[in-house]
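> Okay, here's the structure, questions in a sec.
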Amino acid sequence: MSAHAAAGSVRYCGRIFTIEEIDRIRELLASEPRRNRLQLSRVVCDELGWLRADGRRKDMSCRVAMLRMHRDGLITLPPPQKGNGNGRTRPRLTSASDPREPITLPAGALGELLFRPVNTRKDS
């Protein structure tokens, strides 16, 4: 969550959402529980006036922002209807993907870095 959370607002996708706006998003989610995520993003964009310079809705940014809010526990989204959209399954999380202590060494103290292209699933 953003540093603005303590001040009563949070930033997602370049937009600062006030607590009142997040409450409004919760109301919209509860008002029509059968809406899918795309429909919800369109309604949220209309309600909050979240538009591009050409007047079209910023619905993709809205979906990303709402997903991040969901993951941060601020709202509860309906389950996705079609998986992750790219036809692939998500990788299983293991202890190797758990957060670790940040590296605080200067770049020169890290030693040699090795970059290898990933060409096959096995390489990945």
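The values are calculated or read from the model by the stated rules, or taken from the named source; none is laboratory data. Nothing here was measured: the structure is a model prediction, and the numbers come from that model. Reconstructed Cβ throughout: ideal geometry from the backbone, glycine too, with neighbour counts over all protein chains shown. Ligands, DNA and RNA are stripped out before the accessible areas are found, and what is left, the full protein with its side chains, is counted by its heavy atoms. Shrake-Rupley method; radii C 1.70, N 1.55, O 1.52, S 1.80 Å.
> Treating only the Cβ atoms of Lys and Arg (+1) and Asp and Glu (-1) as charged, compute the dipole magnitude of the range 9-72 about its Cα centre; round to the nearest 20 debye.
Details: 15 positive and 10 negative charges, 74 e Å.
The calculation lands at about 360 debye.
> Give a residue-ordered list of calculated ³J(HN,Hα) values for the range 44-50 (Karplus: 6.51 cos²θ - 1.76 cosθ + 1.60, θ = phi - 60°; whole Hz; x for Gly, Pro).
4, 4, 5, 5, 9, x, 8
> With +1 on each Lys and Arg Cβ and -1 on each Asp and Glu Cβ, how big is the dipole of the chain about its Cα centre, in debye rounded to the nearest 20? Walk me through the intermediate numbers first.
Values: 23 positive and 14 negative charges, 139 e Å.
It works out to roughly 660 debye.
> Mind listing the phi-derived Karplus ³J(HN,Hα) values for the range 25-39, rounded to whole Hz, using 6.51, -1.76 and 1.60 with θ = phi - 60°, and x for any glycine or proline?
4, 4, 4, 5, 5, 6, 5, 9, x, 8, 5, 8, 5, 5, 4
> Hey, what angle do you get for helix 59-71 against the long axis of the chain, alpha-carbon based, 0 to 90 degrees rounded to 10?
Taking the Cα atoms of the chain, the angle to 59-71 is about 70 degrees.
> Okay, next question. For the chain, what Kirkwood radius comes out of the mean inverse Cα-Cα distance, in Å? Provide the component values of the computation, followed by the final result.
On the way: mean 1/r = 0.0563 Å⁻¹.
When all Cα pairs of the chain are included, the Kirkwood radius is 17.7 Å.
> Averaged per residue, what accessible surface does the chain expose to a 1.4 Å probe, in Å²?
Each residue of the chain exposes 79 Å² on average to a 1.4 Å probe.
> Further question on the same structure: Report in % the part of the accessible area of the chain that belongs to carbon and sulfur, leaving out ligands and nucleic acids; probe 1.4 Å. Provide the component values of the computation, followed by the final result.
Details: 5040 of 9830 Å².
C and S fraction of accessible area: 51 percent.
> Over every pair of different alpha-carbon atoms in the range 9-72, take the mean of 1/r and invert it; report that Kirkwood radius in Å. Let's see the in-between values first.
Values: mean 1/r = 0.0849 Å⁻¹.
Roughly 11.8 Å, rounded to one decimal.
> To continue, here is another question. For residue 93 and residue 120, what does the FRET efficiency come to when R0 = 22 Å and r is the distance between their Cβ atoms, rounded to the nearest 0.05? Write out the running numbers ahead of the final one.
Details: r = 22 Å, r/R0 = 1.01.
Plugging the Cβ-Cβ distance into 1/(1 + (r/R0)^6) gives 0.50.
> Round to the nearest 10 and report in Å² the accessible area of residue 98, as given by a 1.4 Å probe over the protein chains' heavy atoms.
Probe radius 1.4 Å; accessible area of residue 98 about 80 Å².
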